[in-house]
1. Can you give me the pair-distance distribution of the range B:184-279, C-alpha pairs, 10 Å bins, whole percents?
2. Given the rotation that superposes chain B on chain A, what residue of B brings its beta carbon nearest the axis, and what is the distance in Å?
3. Is there a quick way to get the dipole size of the protein assembly as shown? I mean about its Cα centre, with the Cβ of Lys and Arg at +1 and of Asp and Glu at -1; what is the value in debye to the nearest 20?
4. Alpha carbons only, please: Rg and Dmax for the range A:1-48, in angstrom.
5. Seen from all sides and averaged, what is the projected area of the convex hull of the Cα atoms in the range B:107-173, in nm²?
6. State, to one decimal in nm and shortest first, how far the label point of B:E189 sits from each corresponding label point in the other identical copies (label point: 7 angstrom along Cα-to-Cβ).
7. Please list B:186-192, B:68-74, A:163-169 highest first by mean number of surrounding beta-carbon atoms within 10 Å per residue.
8. What order, most packed first, do the peptides A:112-119, B:174-181, B:233-240 have when packing is the mean number of other Cβ atoms within 10 Å of each residue?
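No value in this document is a laboratory result; all are computed from the given coordinates. Everything numeric in this text was worked out from a predicted model, so none of it was measured. Cβ placement follows ideal geometry from the backbone for every residue including glycine, while neighbour counts extend to all protein chains displayed.
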Number of protein chains: 2
Amino acid sequence: MLDGDTADLLRVKRGFDLDAVDPGSTPGFSGDKTDGQAQLDAGTAELAELQERLFAASTGGAADSVLLVLQGMDTAGKGGIVRHVVGAVDPQGVALTAFKAPTAAELRHSFLWRVRRELPAAGLIGVFDRSHYEDVLVHRVRKLSPLEVIGQRYDQINTFEQKVAAAGTRIVKVMLHISADEQETRLAERLERPDKYWKYRPRDLDDRALWPAFQRAYQIALDRTSTELAPWYVVPADRKWYARLAVQHLLLETLRGIDPQWPAADFDVEQEQKRLAGL
Amino acid sequence: MLDGDTADLLRVKRGFDLDAVDPGSTPGFSGDKTDGQAQLDAGTAELAELQERLFAASTGGAADSVLLVLQGMDTAGKGGIVRHVVGAVDPQGVALTAFKAPTAAELRHSFLWRVRRELPAAGLIGVFDRSHYEDVLVHRVRKLSPLEVIGQRYDQINTFEQKVAAAGTRIVKVMLHISADEQETRLAERLERPDKYWKYRPRDLDDRALWPAFQRAYQIALDRTSTELAPWYVVPADRKWYARLAVQHLLLETLRGIDPQWPAADFDVEQEQKRLAGL
């Protein structure tokens, strides 16, 4: 079993040091891969029920929703989280957005504009595969914006996320943390298997060459934007099974915290039963 | 096993008679519920791989996509198809749209306007939970539009769907066909279980009271819009397990027909391997 305080172990707090997190570790979990996969399967039913309750509650007027933000270096496993963790719940309850390089239209707006449009409605679990954090990560590393502008974005993000949280959205931000060695293995696999070529872009290697700069950019972003209402969790991700189990745990904890309830009938049950019997 | 010609058995052809389809039947399948569920599970891996190939092929420039249109009376099981059939593939490859009563903004446009905006991009499996067919079904039954306008819509739909198909989208239209008795059972269950109240709307009974008119509206729509490039399939749906198996089969057949291929590398594999080794 994952320890009950796993979320706390993974949460980014004051003084957090990214370099000190071992990407191969499994905080809060003492089992092996087989145990981990079994626990992931075991958590699926509860996650699916909590998602259905969240959705049902919104039909009764509850404003709660969840937003899972996924960040990480290429091959860190964002897609696997979507497929194996989020994919276990009813697709009707999920709003998934993969953010690519912004379009010309998007660039004419504030960097938060396109993100705001994709926030989950009440009752939904929103998932961002990349996010507004690209505007302080890749922008810092590749100097796509002046440092002064980037410096202001952290505060803009915090203000934005506080408003989103106040409107009823629980924000869970996850950095999937892999090692450079593990990334090499995963990229090499994509270059060895013709059924994986399509996942590979030469640009991935350009980013890899900037590894230390990306790690620094993550450290700064984690320092400046992990807040009480929108915390960051750094999830060691060299072991895919652990990362999936940990993110499932974070979603379960978040949904348990909401504790969504089946809404009461907004009609007269007995009268409707009589009408049905008469038809 | 589902017979190889099941799709043909379910397809709406000239002279089709909706009244002659037994909603409790299982065309092309001689097994029972246990067999059916086992076969549904067995088909999941192939469906997931074909979906991934479809998506991958689009990154190499292929224009193919799939559009599954789901229609049926309330409780017919559209949500169950989404959850148990579509839900088995990677959510990143699915574009799901549930069409509700049109908004004021949507009403200012042609009835196809909001549908066009939700067509699946290349590589995706689009799913419509209700669709532009509401504009010839409920509109006919409830007289929401003049008969003359509705009469023109069938041709407009055919023209529209031919264009969509020509652009690379395989269209699969499914009517989930339940009996009035089975609907009564399912509505009664929603009225008996507090965790199901949220799925019930008194309006469902108003529609139920118009059952024969809805069946006639379906018959007309099926007659006029089942075309070679956008065929209708009427799937008996009193047995949920059969309906799910049949729709999975239709998706499998459609994807096998596309036969999507992993795209070739658009980079020099050996050179990238060398670059990776040097980083």
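1. Cα pair-distance distribution for the range B:184-279, in percent: 11, 21, 26, 16, 10, 10, 7, 0.
2. So the chain B residue sitting closest to the axis is B:P91, 3.
3. 1740 debye
4. Values for the range A:1-48 (Cα only, Rg and Dmax): 12.9, 37 Å.
5. Computing the convex hull of the Cα atoms and averaging its projections yields 4.8 nm².
6. 4.0
7. B:68-74, B:186-192, A:163-169
8. On the way: A:112-119: 15.8, B:174-181: 21.0, B:233-240: 23.4.
Ranked from most to least packed, the peptides come out as B:233-240, B:174-181, A:112-119.
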